[in-house]
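Each remark here refers to the structure printed beneath this line.
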Amino acid sequence: MSQDLDPLRRVVAQLARFPGIGERTATRLAYWLLRQPPETAREIGEAVAGLPDAMVTCSVCCDIAATDPCRRCSDPRRSDEAICVVERPQDIAAIEQSGGFHGRYHVLHGAISPLDGVGPDDLRVRELVARIEAGGVVEVVVATDPDVEGDATALYLARLLKPLGVRVTRLAHGIAVGTELEYADRSSVARALENRREL
Amino acid sequence: MRLERLELGDWRNAARTAFDSDAGVVVLHGENGQGKTNLLEAVWMLGALRSFREARVGRLVRHGREEARIAAVVVGRSGRRRLEWRWRGGARTLLVDGVPTRDLGAWFAILRAVLFCPEQVGIVRGGPAERRAFLDRAAFAADPGHLEVARAYRRAVRQRAALLAAPPVDPDQLAAWDADLVARGAELVRRRALAVAALREPFREAHRALAGAGEVDLRLRGWAELDAASPAAIPAIRERLARLLEERRPEELRQGRVLVGPHRDELDILLDGRPARVHASQGQARTLVLALKLAELEAARRAGETPLFLLDDLGGELDRRRMERLTRRLVALPNQVWLTTTDPGLLGGALRRKAKLLEVAGGRARRQGRRGGTAASRRPGGPPPARRA
């Protein structure tokens, strides 16, 4: 359908597909692009076009990365004894910026939610269990969102992982109720890490 | 807390209107169909973020318009604050002092309200859901934190129900939702039990004052023996909920439904030792609901909060003696009272002297002096308070 539009309209229509970007912002961005030197649009276009092929899912932590295993999984300075479990890849950045965690990560790609038809089998839970069964992990820090689905996922993981002989903790106080990890400020995340509790 | 000024834009039948409400009692009077209740509903929308007549907010926007706006100046513990509610394109925006916010706790810390309207006779005569809703609202009037606890619990129940409704049920996942329900349910039960304990004495007292006869009581069925204030309350409730879940799990799995939890609890309202739901007459039920609302205000006051008290269509079914007793109570309340009536003559001299009388016509409120004169005639040169914004 967008093929029928003129090139500018087409760019506006494509930009407006981004979450949080409406018709007005998309139009502003498109006109800004037109005012830049031609290579700007080309560079942006190439970077965007190459994205799906350039990124892979890390076979260890299930993060979206440029290499497999990803750079965090292959970083020898990180501790293998602790794994921090998050719902989304972008949650890793929130924990990293707090500077309070130096272990490994694991991305579930969601949380348990029967209302949305999402169960443990739809998440990267099996991969997490395999990592723990491989040995060397002492503690699993569950950093799922502090909402109903995040809490249930944490309870599910605690029941599943404790029999494997690891300590299971949960990020606690510090993040305001209703705030998703991605949007929390650094000091809140640091405090939440300090106050993580046993499950 | 006190609402000192209200401004409306395309709300119900009001195009644009604004008026000052700087009085202990605000009386909205006028003929039927002029928009008295619409104005009260706007105050409730700010104080509860919902309507008491219409679940679909889009329908509250003035016919032919796309967006509606309600704004108020509220004076309270946190000083003088401006709250604004906007509805546009099917979405709500809340602004505190001009800054958009999603923090409902901060919003309700500034303004909350308690409502009495004729339909609420259902709290006494309707089903248990209406009584649970009353209890949750009363707990919320004293502590806005209750909102999040009740909401998260409802969400957890819906999730657990969705799991049970789609067999085969993964026992490990069910165990996680069980643990979640026990934890959230225990917190909800304890808060409700505390609310019942806080309401019981003020309810008896208010009912005696209004009705003059009949002993009343409140009980959270199944939890009557619980000492909610004790630190042992939470473990005790958890243990009991876990046991009930255990007992009824086979039945829940067979029926594919949630059969255990405080979303099924019953608040018993007793009149002379018997369930008021079956034994109270229409008039008695109305008095019971008024007494419950006065108790809700008193419990909130003891918790350090003074929400607004909104009464819709006052004078409908109360006899003259009960009306006099009620207005005496209203005059003595520390809360700001908003009420609508077709006949301000019913209110009695003491209440009228404390009141700001606003006549509502065509969706707009116009000030009248305490003895019937207009503001402009009593304050020469002053701007008329009900003007176009």
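The values are calculated or read from the model by the stated rules, or taken from the named source; none is laboratory data. No experiment lies behind these values; they were computed from the predicted model shown. Reconstructed Cβ throughout: ideal geometry from the backbone, glycine too, with neighbour counts over all protein chains shown. The protein model used for the area step is the full one, side chains on, heavy atoms only, and it has no ligands, DNA or RNA in it. Shrake-Rupley method; radii C 1.70, N 1.55, O 1.52, S 1.80 Å.
Considering the range B:106-130 alone, what residues qualify as being touching a helix residue (DSSP H, G or I) at 6+ places or on another chain (Cβ under 7 Å) and open to solvent by 40 Å² or more (accessible area, probe 1.4 Å)? Those that are touching a helix residue (DSSP H, G or I) at 6+ places or on another chain (Cβ under 7 Å) and open to solvent by 40 Å² or more (accessible area, probe 1.4 Å): B:125, B:130. Within the range A:35-61, the residues that satisfy the criterion of being surrounded by 11 or more Cβ atoms within 10 Å (Cβ to Cβ), closer than 19 Å to residue A:12 by Cβ and of a type in the set (A, V, I, L, M) are A:41, A:44.
Restricting the first member to the range A:153-166 and to residues that are assigned by TED's automatic domain parsing to the domain that holds residue A:87 and farther than 18 Å from residue B:163 by Cα, and the second to residues that are open to solvent by 10 Å² or more (accessible area, probe 1.4 Å) and not in a helix (DSSP H, G or I), the beta-carbon pairs closer than 6 Å and six or more apart or on different chains are A:158/A:199; A:166/A:137.
Residues that are out of contact with any helix residue (DSSP H, G or I) (no Cβ under 8 Å at 6 or more places or on another chain), open to solvent by 50 Å² or more (accessible area, probe 1.4 Å) and among the hydrophobic types (A, V, I, L, M, F, W, C) do occur in the range B:94-105. Mind checking whether some residue in the range A:117-132 is surrounded by 15 or more Cβ atoms within 10 Å (Cβ to Cβ) and either touching a Pro at 6+ places or on another chain (Cβ under 8 Å) or assigned to a strand (DSSP E or B) (or both)? Checking the range A:117-132: at least one residue is surrounded by 15 or more Cβ atoms within 10 Å (Cβ to Cβ) and either touching a Pro at 6+ places or on another chain (Cβ under 8 Å) or assigned to a strand (DSSP E or B) (or both). Applying the condition of being in contact with a Leu (Cβ under 8 Å, 6 or more places away or on another chain) and facing chain A (nearest Cβ under 7 Å) to the range B:149-169 and asking which residue is surrounded by the most Cβ atoms within 10 Å (Cβ to Cβ) yields B:156. All conditions but one from (1) assigned to a loop (DSSP other than H, G, I, E, B); (2) at negative phi apply to residue A:140; the one that does not is (1).
Can you find even one residue in the range B:47-69 that is assigned to a strand (DSSP E or B), closer than 27 Å to residue B:150 by Cα and open to solvent by less than 60 Å² (accessible area, probe 1.4 Å)?
Restricting attention to the range B:47-69, the residues satisfying the condition of being assigned to a strand (DSSP E or B) are B:61, B:67-69.
Pick out the ones that are also closer than 27 Å to residue B:150 by Cα and you get none.
Looking through the range B:47-69, none of the residues is assigned to a strand (DSSP E or B), closer than 27 Å to residue B:150 by Cα and open to solvent by less than 60 Å² (accessible area, probe 1.4 Å).
Looking across the range B:267-299, the residues that are surrounded by fewer than 17 Cβ atoms within 10 Å (Cβ to Cβ) and of a type in the set (Gly, Ala, Ser) come down to B:273, B:281, B:283.
Condition test on residue B:216, is it within 30 Å of residue B:294 (Cβ to Cβ), away from chain A (no Cβ under 14 Å) and touching a His at 6+ places or on another chain (Cβ under 6 Å)? Before you say what the answer is, go through the steps one by one.
Details: within 30 Å of residue B:294 (Cβ to Cβ): yes; away from chain A (no Cβ under 14 Å): yes; touching a His at 6+ places or on another chain (Cβ under 6 Å): yes.
It is true that residue B:216 is within 30 Å of residue B:294 (Cβ to Cβ), away from chain A (no Cβ under 14 Å) and touching a His at 6+ places or on another chain (Cβ under 6 Å).
In the range A:75-86, which residues are over 7 Å from residue A:103 (Cβ atoms) and either surrounded by fewer than 22 Cβ atoms within 10 Å (Cβ to Cβ) or not assigned by TED's automatic domain parsing to the domain that holds residue A:103 (or both)?
Our first condition is that a residue be over 7 Å from residue A:103 (Cβ atoms); within the range A:75-86, this holds for A:75-77, A:80, A:85-86.
Hits for the range A:75-86 are A:75, A:76, A:77, A:80.
The residue that is farthest from the other protein chains (Cβ to nearest Cβ), counting only those in the range B:175-199 that are free of Cβ contacts under 8 Å to residues at least 40 places away in the same chain and open to solvent by 10 Å² or more (accessible area, probe 1.4 Å), is B:197. Scanning the range B:212-246 for residues that are closer than 17 Å to residue B:180 by Cα and among the charged types (D, E, K, R) gives B:238, B:239, B:240, B:243, B:246. For the range A:45-64, a residue qualifies if it is in a helix (DSSP H, G or I) and either among the acidic types (Asp, Glu) or modelled with pLDDT of 95 or more (or both), and the qualifying residues are A:46, A:53. Summed over the range A:96-155, residues that are of a type outside the set (A, V, I, L, M, F, W, C), touching a Leu at 6+ places or on another chain (Cβ under 8 Å), farther than 18 Å from residue A:172 by Cα and more than 11 Å from every other protein chain (Cβ to nearest Cβ) total 5.
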